[in-house]
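So the structure is just underneath, and the comments pick up after that.
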Amino acid sequence: MQLFRFAGRVVLRHRGLLAIYVVALAAFGWLMASYVGTGSGPYEAVRPTVAVIDRDGSAVSGALAAWAAEEGELVELPDTTYALQDAAAKDLANYVLVIPEGYGEGLEAAARAGAEPPALECVVSYSDARGSLADERVRAGAQQLYALLAETDLTAEEAVGVARQARGEAETRLEVGVIEAEEAGLPSDYLVYMQFSTYALFGGTAILVACGLRSLGRDQPVTQRLLAAPLTETARGAQLALACLGVGLAVWAAVEALGALWCAGSLAAADARLVLLAQAPLLALACVGAAFGYLLWSLGATGDLAHAAGNIGSMVLTFLGGTWVQQASMGAAVTAVARLTPVWWVVHALGEVYAATGTTGGLVASVAAQTGLTALFAVALAAAGMALGRARRRG
Amino acid sequence: MEEIVSVEGLVKRYGSRVALDHFDLHIGRGEIFGLLGPNGCGKTTAINCVLQLLSYDRGTIRLFGEEMAPDRRDLKRRVGVVPQQVAVLDELTVRENVDAFCALYVRDRRERARLVDEALDFVGLSGHARQRPRQLSGGLARRLNIACGIAHGPELLFLDEPTVAVDPQSRGAILDGICHLRDAGATVVYTSHYMEEVEQICGRVMIMDAGRAIAEGTCDELKRLVDVGEKIVVECAPPAPEVMVGLEGLPCVARAAYDAGELKVDCTPSAHGLVDVLEALAAAGVEVGRVWSEPPTLNDVFLELCGRELRD
């Protein structure tokens, strides 16, 4: 096994690749997992920041200003062109309502005559939809006043009073809370971490194998030494293939160890058997990465080509697999293609383990089947690598 | 003398091109055997066939008296190879490189550590053991290349142009080292384009061309084989054309030419024509400056046998 150790030693010297494709990519998965979090917490309604410039001073404008203020947190803005432009540019308020002078009288006159109501000026934040929601509610209030003035003989002040009373009676406060779902088999942050670790397991392993073992490639100067050494062709090939597999195992172990470390808090309460079961498809995926790296290596891929193929391949596979977009959200055509890729089966298996509440025979069988399917990709790629490598040697 | 390498009727074809054409090679124990030839003449192909790195169409190869085959690990264990290119791994240190390649032959770790130390001492790289190959100069890298090939103590060593792009000091150290290996009992097959090196260290030499051996023997034997004799160089003013004709008419002169202030006279084999040439010049009234005479070199033999025209 001297060549196996030799190759392993050579790969481990590529510390830059290890740092980027194992540690950094795993850290990215952890960041995503931290961002998503465990998914539970108290419900809190969002409230926009609102600024009201009332140039009218009528009962109608006062009512609109009050309703706008009720929709969010009031922000003071001076009534100058510069201040309004600044607020719009810097997004100082989610919603800025400007009630022009004469708006109250104009609304009443328009309502009596059945004409178009005067326009309200507003600036709605570009950053989110909270400002738009507040605007909708203020305009609804204005329409309510317009309707009252159009359909009754009430004065503007009386109409405002009626509207206020009606809003007070109609307002229904809903108590909103989070319904705790049945406890999942795996913590959601760990699930997210594992889904994102597929990039490192496939692409990282492939690149490490293809680049790490490149100096032992067939077209490299050391080839003559290796071929002249007292090793049979079978032993030489087997030891190099084992070295590729060893790289896959090492990447898998490192990525999962980092995941266990970073998600230790949430994993503490998880069922250890389910956590172990989830490792099977991930290990198979690392083997697929190793086989892909072996294929690239057999073809004599340059470092640049290996990086490109590993990264582009990982991006495509993780997208199709459902790391970036949930599998359930994909269209039928995408799903049909995705089923032909290994990451789809890995993420699917992880989803089953996540949804499970205990280790059942059916779950184990299903995960084993999906792990086997994933492993088949590894076998196919390794076989292609051997065949192409042999064809190149003969060529 | 015990034959260490015995190649008979070796034929190797690449499609329609014949790389080795009934090639024979016989090397005895303890020899440093020089394998010379122009680029593409089949030297490396011959070595690769002997090492079983290439299959061949016909012929027999015996090493240490036994038939060589790709699965003869016992024979491969006794052979070392130093490729033309520096074949080491940049990922490993100097010591790790030697150890890694030695490990392909020697499993015992302690034994290997001793052999690696000896090899590093031998090539003078002990002080660079922790450096990476890319930190070494060209000469040191060449010495590392040799250390990787000799660490396991091969009885038969193939050195393929080991002194290419090496400074004179390193070249001297490498050549001394090869002689030491021979003195320690190793048999060395040495290929090079530097004729003076081959003349310096090789006991016997084979000149190859077009996949065949065209001459073989000691350097003196080879020099006697060809129509090459002493070379006389005379610093003088350009002689008149009739003087040149007169010189070429001398029995001891094969050809004469004047170039860049020097009159160059090639003598016929076994002739010492210095006195005759100087007398002829004096009779023609040519004033001479410095005069020197060189015996024929292996380079002259090589050019005579392989031709002076450029090869592809």
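With the crude spin-label approximation of a point 7 Å out along Cα→Cβ, what separation in nm comes out for A:T234 versus A:A254? Reported label-point gap for A:T234 and A:A254 is 3.3 nm. Among bridges DSSP assigns within chain B, what percent are antiparallel (round to 5)? Given both bridge residues lie in chain B, the antiparallel proportion sits at roughly 70 percent.
Couplings for the range B:48-54, taken from phi via the Karplus curve 6.51 cos²θ - 1.76 cosθ + 1.60 with θ = phi - 60°, read 5, 5, 4, 7, 6, 7, 10 Hz in order; Gly and Pro are left as x. The string of couplings for the range A:299-311 from the Karplus curve (6.51, -1.76, 1.60, θ = phi - 60°) is 7, x, 4, 6, x, 4, 5, 5, 4, 5, 5, x, 6 Hz, one whole number per residue in order, with x for Gly and Pro. Ordered by the number of other Cβ atoms lying within 10 Å of each residue's own Cβ, fewest first, B:H26, B:H128 fall into the sequence B:H26, B:H128. Its residues counted as N, the range B:229-295 yields a C-alpha radius of gyration over 2.2 N^0.38 Å of 0.96.
Rounded to the nearest 0.05, the FRET efficiency derived from the C-beta distance between A:R47 and A:A269 at R0 = 51 Å is 0.90. Here chain B has an Rg and Dmax of 23.4, 77 Å, counting Cα atoms alone. Note on B:E216, A:E108, A:E136, A:E70: ascending count of other Cβ atoms within 10 Å places them as A:E136, A:E70, B:E216, A:E108, the fewest first. Calculate the tail of P(r) for the range A:49-170: the fraction of all Cα-Cα distances greater than 26 Å, expressed in %. Percentage above 26 Å: 19. The gain in end-to-end length when the A:F319 to A:R164 segment is fully stretched comes to 50.6 nm, 0.36 nm per residue minus the alpha carbon separation. If you count Lys pairs in the protein assembly as shown whose Cα atoms are under 27 Å apart, skipping same-chain pairs closer than 8 places in sequence, the total is 7.
Label positions at A:T335 and A:A89, each projected 7 Å from the Cα along the C-beta direction, are separated by 5.0 nm. Net charge of the neighbourhood of B:Q200, taken over other residues with C-beta under 12 Å away and scored Lys/Arg +1, Asp/Glu -1, is -3. Can you give me the C-alpha center-to-center distance between the range B:236-269 and the range B:155-231, rounded to a whole angstrom? Each part's Cα centre sits 32 Å from the other's. Shape annotation for chain A: C-alpha extents along the principal axes are 107, 49, 37 Å, from largest to smallest. With each label modelled as a point 7 angstrom along the Cα→C-beta vector, the A:S34-B:A165 pair spans 4.8 nm. Once you reduce the range B:113-145 and the range A:358-395 to the center of their Cα atoms, the two points are 43 Å from each other. Per the Debye calculation on the protein assembly as shown with a single equal scatterer at every Cα and no solvent contribution, log₁₀ I(q)/I(0) for q = 0.07, 0.10 Å⁻¹ amounts to -0.72, -1.04. In summary, the convex hull built on the alpha carbon positions of the range A:48-117 has an orientation-averaged projected area of 4.9 nm². With neighbours defined as other Cβ atoms within 10 Å of a residue's Cβ, the residues B:T163, A:T374, A:T49, A:T152 order from fewest to most as A:T152, A:T49, B:T163, A:T374. Computed from Cα atoms, the angle from the helix B:274-283 axis to the main principal axis of chain B rounds to 30 degrees.
For A:L276 and A:T357, the difference between the fully extended length at 0.36 nm per residue and the C-alpha to C-alpha distance is 27.7 nm.
The local environment of B:R58, defined by Cβ-Cβ distances under 11 Å, has a net charge of -1 under the rule Lys, Arg +1 and Asp, Glu -1. Distance from the Cα centre of the range A:233-306 to that of the range B:55-104, in angstrom? When both Cα centres are located, 33 Å separates them.
All of the numbers you see were taken from the coordinates with simple rules; none came from a lab. These numbers were taken from a predicted model, which means no experiment stands behind them. Positions of Cβ are backbone-derived with ideal geometry, glycine not excepted, and every protein chain shown enters the neighbour counts.
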